[in-house]
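Reviewing the structure listed below.
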Amino acid sequence: MPKSPSTASCSLASRSFRLALPPVSGVLRPRLLLVCALLAFATVAALSWHISVGEFDVPVPDVLGALTGSGDEGTRIVVTELRLPRAMAGLLAGLAFGVSGALFQTMTRNPLASPDMIGLTQGAGTAVVAGVVLGWDGGMGPQTLGLLGAMASALLVYALSWRRGTTGYRIILVGIGISWVCMSATDYLLAQGGHRQAQSAVGWLVGNLNGRDWQQAGPLAVALAVLLPTALLLGRLMRTLQLGDDVAAGLGTRVQTVRLAIAVTGAGLVAFATAAAGPVAFVALAAPQIAQRLARAAAPPPLAAGLTGSVVVLVSDVAARTLIPDTELPVGIVTGVLGAPVLLWLLIRTNRADSGG
């Protein structure tokens with residue numbers, strides 16, 4: 001007998017639990033677990049599809065066989081050595097962008113607060129362009145420069161927004177100002193640079209997975225191994241921030257310490273992702289909002305947001321490689337086209353909420 005809507009909704013309702021040994025308590029959210037499981041399956045499917053598509057298509061069963069060590073040697077070389085590094089760079093970058101966006105949107109309690117809206121990715125872009133045009137790279141390369149630029153921008157935003165503590169509102173306002181300063185500096189440097197230098201910098205600025213290998217994916221994987229568990233451990237403290245600073249402080253949360261930890265973790269995630277794949281537009285903005293609505297949660301769930309980001313980047317990169325024959329577009333162009341309507345929808349929704357409409 002089919003379940004009624006009320007029964008089905010009750011079966012996915014949150015349940016609290018408490019263990020005697022070890023002494024652990026919490027809230028079990030079946031719907032969130034189900035959404036994460038489905039998104040994990042979608043990520044594996046998108047990864048397999050991404051690897052299978054190319055100049056010579058490889059059937060998905062052969063891709064799975066090559067990844068498990070079976071199949072012929074030629075297929076294994078194409079899959080594991082030529083296509084897997086690029087696909088993993090996209091998967092890991094999308095995961096980092098999605099989790100980072102969830103952290104910043106939860107910390108500020110604003111769906112528009114994402115790394116590409118508050119100056120972090122713009123700071124990375126300015127550092128890379130300065131290194132290419134002015135020769136300040138010191139042999140570090142775009143990846144290291146992007147990492148340093150994003151981290152410097154994050155520290156600058158946090159420092160300028162500090163006034164006996166920080167608030168999400170001040171972080172957003174200062175971040176928007178920093179982003180415009182960085183974009184203006186980048187435009188000036190591109191105008192002053194030579195044609196070849198500008199072309200090289202622009203190719204990275206739009207977000208690009210072309211030519212990515214384990215040199216980019218490896219450091220990002222190591223960073224995620226440290227920063228992703230940190231982000232998940234901060235989840236319980238982030239939920240108290242949703243109640244407001246005064247209430248969170250009354251519940252025993254060290255508001256400014258938690259906010260600083262969230263900012264550093266989110267900045268680290270977006271810095272390493274930007275260093276690996278460039279500033280892929282709108283993933284950090286859109287992925288948390290999509291995940292929040294799938295999970296029907298009060299705030300963007302970090303893991304679901306990260307998995308959503310992985311799916312978005314992988315599918316967008318396949319589209320970038322196949323939409324125009326004999327042309328590989330940067331993945332950031334596709335995510336920009338897909339993300340712009342999401343940004344407009346969020347702006348309209350926020351405006352209606354503020355006006356009571």
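The values are calculated or read from the model by the stated rules, or taken from the named source; none is laboratory data. Everything quoted here is computed from the prediction, not taken from an experiment. For neighbour counting, all protein chains shown are included, and Cβ atoms are generated from backbone atoms with ideal geometry for every residue, glycine included. Please note that ligands, DNA and RNA were not included when accessible areas were found on the heavy atoms of the full protein model with its side chains. Shrake-Rupley method; radii C 1.70, N 1.55, O 1.52, S 1.80 Å.
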Dipole magnitude of the stretch 62-176 about its Cα centre, charges +1 at Lys/Arg Cβ and -1 at Asp/Glu Cβ only, in debye to the nearest 20? 740 debye
Leaving out ligands, DNA and RNA, what percent of the accessible area of the stretch 48-89 is carbon and sulfur, probe 1.4 Å? 60 percent
Space enclosed by the convex hull of the alpha-carbon atoms of the stretch 250-304, per residue, Å³: 97 Å³
Starting from the stretch 231-269, pick out the trypsin sites (Lys or Arg not before Pro) whose DSSP state is loop and whose Cβ has at most 15 other Cβ atoms within 10 Å. R254
Per 0.36 nm of contour for each residue apart, how much would the distance between R196 and M183 grow if the chain were fully extended, relative to their Cα-Cα spacing? 2.7 nm
Let's test the formula: R0 of 51 Å, r as the Cβ-Cβ distance of Q256 and D72. What FRET efficiency results, to the nearest 0.05? 0.30
Simple spin-label estimate for I324/A298, 7 Å along Cα→Cβ, in nm, reads 4.7 nm
Stretched fully, the stretch from D213 through L64 gains (0.36 nm per residue minus C-alpha distance, one decimal, in nm) 51.7 nm
With every protein chain in place, the stretch 161-284: carbon and sulfur % of accessible area (1.4 Å): 63 percent
For the chain, what is the mean residue ellipticity at 222 nm derived from helices alone (per DSSP H run of n ≥ 4: -39500 (n - 2.57); sum divided by total residues; nearest 500 deg cm²/dmol)? -23500 deg cm²/dmol
So, with +1 on the Cβ of K and R and -1 on the Cβ of D and E, and no other charges, what is the size of the charge dipole of the chain about its Cα centre, to the nearest 20 debye? 1740 debye
Rounded, prolate or oblate: pick one for the stretch 44-198, where a ≥ b ≥ c are the square roots of the eigenvalues of its C-alpha gyration tensor, a/c under 1.5 means rounded, and failing that, prolate if a/b is larger than b/c, else oblate. oblate
What nm distance separates the two modelled labels at R109 and V337, each placed 7 Å from Cα along Cα→Cβ? 3.9 nm
Show log10 I(q)/I(0) for the stretch 208-357 at q = 0.16, 0.19 Å⁻¹, two decimals, from a solvent-free Debye sum over equal Cα scatterers. -1.02, -1.27
In the chain, helical segments from DSSP H whose Cα atoms cover 20 Å or more along their own axis and that average at least 0.0 on the Kyte-Doolittle scale are 30-52, 84-108, 120-134, 141-160, 168-192, 214-233, 255-277, 302-322, 331-355
One computes Rg over Rh for the stretch 276-318 from alpha-carbon atoms, with the Kirkwood Rh, and obtains 1.00
Go through F272, L173, I333 and say which Cα lies farthest out towards the positive end of the charge dipole of the chain; charges sit on Cβ, +1 for Lys and Arg, -1 for Asp and Glu. L173
Rank L344, A249, A295 by how far each Cα sits towards the positive end of the charge dipole of the stretch 224-349 (+1 on Lys, Arg Cβ; -1 on Asp, Glu Cβ) and give me just the farthest. A249
Accessible area per residue, 1.4 Å probe, Å², for the stretch 37-76: what's the number? 59 Å²
Please calculate how many Å² of accessible area the stretch 155-237 carries per residue, with a 1.4 Å probe and no DNA, RNA or ligand atoms counted. 60 Å²
What's the FRET efficiency of L173 with L34 using the Cβ-Cβ distance as r and R₀ = 25 Å, to the nearest 0.05? 0.10
Calculated diffusion of the chain, Stokes-Einstein form, Kirkwood radius summed over Cα pairs, 20 °C and 1.002 mPa s, µm²/s: 101 µm²/s
